[in-house]
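Novice: Okay, handing you the structure first.
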Amino acid sequence: MTLRKPTLARISGVGVAVPPKLLTNQDLEKMVETSDDWIVERTGIKQRHLVEHGVTTSDLAAEAALDVLKKTGVSPEDVELIIVATITPDMHLPATACLVQHKIGATRAWGFDLSIACSGFLYALQTGAQFVGNGVHKNVLVIGMEVMSSIIDYTDRATCIIFGDGGGACLLQPSPSEQEGCFGDFLFEVDGSGGDSLCVPAGGSKMPTSQETLDKRLHFVKQDGRAVFKYAVRKMPELCVNLLERNNLTGSDIDLFIPHQANLRIITASAERLGLPMEKVLVNINEYGNTTAGTLPLALDSALKRNLLKKGDLILFATMGAGLSAGAALARWGF
Ligand code: UT7
């Protein structure tokens with residue numbers, strides 16, 4: 001007797017939520033000692049979107065969830081699981097997934113948050129795919145969403161030029177066949193020895209919020225940019241190459257490379273190492289900056305809007321970020 005039938009899982013739709021307000025490089029020139037030229041040359045970023053005061057991660061996540069449900073014609077009551085990848089939850093508790101469940105009226109769904117910064121969405125995507133793949137669920141929402149402006153110090157030029165708000169949601173469903181979309185192999189890796197190079201020092205159990213932590217601005221993101229950069233340019237291509245090799249693939253088999261949008265120089269270095277021309281690389285960091293767990297669903301949305309994806313295409317996703325953490329994953333596009 002078979003209790004459950006394993007199946008293929010695929011991405012059936014993509015929704016997004018991006019706040020309309022812009023923070024341009026020219027705006028930042030008036031706030032900190034920086035220049036449009038420096039930011040563009042060192043990062044590729046021209047602008048980021050920021051929420052108005054009071055707009056939360058669950059507000060944006062619910063907007064992205066309703067967007068993908070509308071596009072796919074699935075009703076909120078049919079959603080069974082909601083996974084929210086975020087490091088900017090509305091509150092430490094409850095989980096943002098619970099707030100989203102209530103806001104969208106997904107009355108029969110359970111859910112949880114997944115917190116591993118920039119790698120969050122790719123890890124959440126694979127986690128969600130397991131619940132579809134093992135035959136337990138037919139409609140899983142995986143959301144990557146951030147209000148990074150809530151943890152960024154707009155007096156710190158080393159971080160405030162990079163991050164933005166926004167993200168998106170994917171609906172995962174069973175797939176009738178590999179050519180109609182499926183998840184492939186993945187390779188994930190973390191290295192906690194580099195944890196201090198990108199962190200929010202205060203507000204957790206290590207250093208609960210106090211007047212002193214507030215005065216020292218320790219509740220904001222602190223980053224050793226060079227250390228993270230070095231890790232990224234080494235690790236992201238390394239995982240991609242190893243993943244391709246163990247699947248007997250090369251860069252030329254990839255139709256679209258969708259990397260985490262952290263820095264244009266990291267993206268181009270990875271593409272070069274994989275032997276991929278930039279036409280096969282999704283770049284939208286100029287429009288959104290680094291939205292942490294939000295970058296990959298936003299990149300998927302850009303790929304669809306630019307008609308860069310067709311049924312049967314092979315996608316290589318790559319990520320890296322705080323943890324330190326990194327990952328590479330293969331997926332076949334299904335629509
Ligand atoms: O999703 C993961 C999140 N994080 C990352 O991916 C970050 C990875 N790292 C980076 O993207 C880059 O390291 C940064 C963009 C953060 C910085 O670029 P960099 O080329 O590594 O610059 P740097 O930190 O080595 O600094 C070079 C110079 C320094 O001046 P001196 O010491 O050479 O005089 C900095 O003080 O640039 C200065 N600098 C700036 N100048 C103008 C640093 N930030 C700025 C700024 N504007 N915003």
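The values are calculated or read from the model by the stated rules, or taken from the named source; none is laboratory data. Being a predicted model, the structure only gives us computed values, none of them experimental. As a convention, Cβ positions derive from the backbone with ideal geometry for all residues, glycine included, and neighbour counts pool all protein chains shown.
Novice: Considering only the stretch 18-111, give the helices (runs of 4 or more DSSP H) lying wholly within it that have at least 3 residues that are surrounded by fewer than 20 Cβ atoms within 10 Å (Cβ to Cβ) and within 16 Å of the ligand (Cβ to nearest atom).
Specialist: 25-29, 36-43
Novice: Follow-up. Give me the residue from the stretch 1-17 that is surrounded by fewer than 19 Cβ atoms within 10 Å (Cβ to Cβ) and β-branched (V, I, T) and, out of that set, nearest to the ligand (Cβ to nearest atom).
Specialist: Among those residues, the one meeting the criterion is T7.
Novice: Would you say K138 is part of a loop (DSSP other than H, G, I, E, B), of a type in the set (D, E, K, R) and either touching a Cys at 6+ places or on another chain (Cβ under 9 Å) or outside the structural domain of T319 (by TED's automatic domain parsing) (or both)?
Specialist: So K138 passes the test.
Novice: Name every residue in the stretch 200-244 that is more than 22 Å from T159 (Cα to Cα) and either assigned to a strand (DSSP E or B) or small (G, A, S) (or both), in order of residue number.
Specialist: Those that are more than 22 Å from T159 (Cα to Cα) and either assigned to a strand (DSSP E or B) or small (G, A, S) (or both): S205, S210.
Novice: If you don't mind, another one. Give the residues of the stretch 206-256 that are in contact with a His (Cβ under 8 Å, 6 or more places away or on another chain) and within 16 Å of the ligand (Cβ to nearest atom), sorted by residue number.
Specialist: Listed by number, the list holds a single entry, M236.
Novice: Tell me, yes or no, whether the stretch 129-142 has at least one residue that is in contact (Cβ under 8 Å) with a residue 24 or more places away in the chain and within 16 Å of the ligand (Cβ to nearest atom).
Specialist: The answer is no; no qualifying residue exists.
Novice: If you don't mind, another one. Can you tell me which residue is surrounded by the most Cβ atoms within 10 Å (Cβ to Cβ) among those in the stretch 114-132 that are part of a helix (DSSP H, G or I) and of a type in the set (V, I, T)?
Specialist: Checked the stretch 114-132; the qualifying residue surrounded by the most Cβ atoms within 10 Å (Cβ to Cβ) is V132.
Novice: Still on this model: Of the numbered conditions (1) in contact with a Ser or Thr (Cβ under 8 Å, 6 or more places away or on another chain); (2) not in a loop (DSSP other than H, G, I, E, B), A262 fails exactly one; give the number of that condition.
Specialist: Unmet for A262, out of (1) in contact with a Ser or Thr (Cβ under 8 Å, 6 or more places away or on another chain); (2) not in a loop (DSSP other than H, G, I, E, B): (2).
Novice: Quick one: would you say P201 is in the same structural domain as G321 (by TED's automatic domain parsing), over 13 Å from A318 (Cβ atoms), surrounded by 15 or more Cβ atoms within 10 Å (Cβ to Cβ) and not hydrophobic (A, V, I, L, M, F, W, C)?
Specialist: The answer is yes for P201.
Novice: From the residues in the stretch 151-196 that are among the hydroxyl-bearing types (S, T, Y) and surrounded by 17 or more Cβ atoms within 10 Å (Cβ to Cβ), which one is farthest from R10 (Cα to Cα)?
Specialist: It comes out as T159.
Novice: When you check R217 against the structure, is it more than 16 Å from A117 (Cβ to Cβ), touching a residue at least 12 places away in the same chain (Cβ under 8 Å) and exposed (fewer than 15 other Cβ atoms within 10 Å of the Cβ), yes or no?
Specialist: yes
Novice: Next question, about the same structure. From L298, L276, L304, L309, grab the single residue that is closer than 16 Å to A117 by Cβ, away from the ligand (no atom under 13 Å from the Cβ) and not in a strand (DSSP E or B).
Specialist: L298
Novice: Ok, one more. Taking A269 as meeting all but one of (1) without any contact (Cβ under 8 Å) to a residue 40 or more places away in the chain; (2) within 16 Å of the ligand (Cβ to nearest atom); (3) out of contact with any helix residue (DSSP H, G or I) (no Cβ under 7 Å at 6 or more places or on another chain), write down the number of the exception.
Specialist: (3)
Novice: Taking the condition in a helix (DSSP H, G or I), away from the ligand (no atom under 16 Å from the Cβ) and either touching a residue at least 12 places away in the same chain (Cβ under 8 Å) or not assigned by TED's automatic domain parsing to the domain that holds V40 (or both), does L187 pass?
Specialist: No.
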